[in-house]
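For reference, the structure is listed below as structure tokens.
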Amino acid sequence: MKLFFRKSGTGKPLIILHGLFGISDNWAALAKLWSEYFTVYAVDLRNHGQSPHSEEWNYEVMANDIIELMGDEKLTDVAILGHSMGGKVAMRLAIEYPMAVSKLIVVDIAPKQYPPHNTDIVNALKKVDLDKIQSRKDAEEILREDLHDEGTIQFLLKNLYWSQGPFAGKENAAGEKSLAWRFNLAVISKHLSEVYSATLPPLICETESLFIRGEKSQYVMPEDEADIRTLFPNSTIVTIPDAGHWVHADQPFPVFETVMKFIN
């Protein structure tokens, strides 16, 4: 699959992969900083952002999408950074294609299987009738009925757009262009369990790796660190103070400096 990506800068390639319901633009500020040192590829994963939608959606196909991108762009000596779901894509890539990744950076996710969650977000999104709402404010009010974290609401609303272009949303009942989600809600909802699966059956990945976790996040717990070091023996784990799951949004400059130090 040909993915949409934002390319900037020159130098060694750095590929950035967002998390569930995310878009490449979530990393725009850090991508701009890193583009002074690297050629940065901020990617929209399949069923997200401006990349194509597909009924097939799991870590295997998402990793293969990145391999295709790397081939199209003739990339070698690649550093790859993934947050949350994107981190699992990056791990899968490094495990299956060890020669393709020179440095692996995983942000606030472990290779383990997670219990199902985010169903509250999916259910809230399903209540937004895109044929009836007239504005982003309408969608925001509906989401706020079930979701009470302002950061999450605004994060989701970044995916709402007036449909146009090759992957446009459908027209409404009046035959007019309507608001649409960038992500493929139907497929994500159907295959949500795929997101929580373990990266792969236990395999050792020798790639030099950096795991960044947020101090306030519950995604990478102390008990996960032994498994990370077993599966990724050439790994370093860094905790960013005063940061939650969206580490790069909470503490962008510590993340920037930590990644720079690791790659260099």
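Checking every one of the GluC sites (Glu not before Pro) in the stretch 185-214 against DSSP loop status and a limit of 12 other Cβ atoms within 10 Å picks out GLU206.
Cut-off 10 angstrom, C-alpha nodes, Gaussian network model of the chain. Which of ILE80, ILE23, ILE153 fluctuates the most? So, out of ILE80, ILE23, ILE153, the one fluctuating most is ILE153. Computed over the chain, relative contact order equals 19 percent, with contacts defined as Cα pairs under 8 Å that lie 6+ residues apart.
What percent does the relative contact order of the stretch 1-135 come to when contacts are Cα pairs within less than 8 Å and at least six residues apart? Mind showing how you got there, number by number?
On the way: 239 pairs, mean separation 32.7, N = 135.
So the answer I get is 24 percent.
For a straight C-alpha distance cut-off of 17 angstrom, the aspartates and glutamates reachable from LYS2 (same-chain residues fewer than eight places away being disregarded) are ASP44, GLU55, GLU56, GLU60, ASP65, GLU68, ASP72, GLU73. Based on DSSP H segments of at least four residues, each scored -39500 (n - 2.57), the chain has a per-residue ellipticity at 222 nm of -10000 deg cm²/dmol.
For the peptides 212-222, 98-108, residues were scored by their other Cβ atoms within 10 Å and the scores averaged per peptide; the highest-first order is 98-108, 212-222. Holding the Cα-Cα limit at 25 Å, pick out from LYS127/LYS177; LYS7/LYS88; LYS127/LYS190; LYS7/LYS126 the pairs that are longer than that. As for pairs spanning more than 25 Å Cα to Cα, those are LYS7/LYS126. Here's the picture: charge each Lys and Arg Cβ at +1 and each Asp and Glu Cβ at -1 in the chain, and of LEU192, PHE211, THR258 the one pushed furthest to the positive end of that dipole is THR258.
Values in this text are rule-based calculations from the coordinates and carry no lab data. Every value quoted in this text rests on a predicted model; they were computed, and no experiment measured them. Cβ atoms come from the backbone with ideal geometry, glycine included; neighbour counts cover every protein chain shown.
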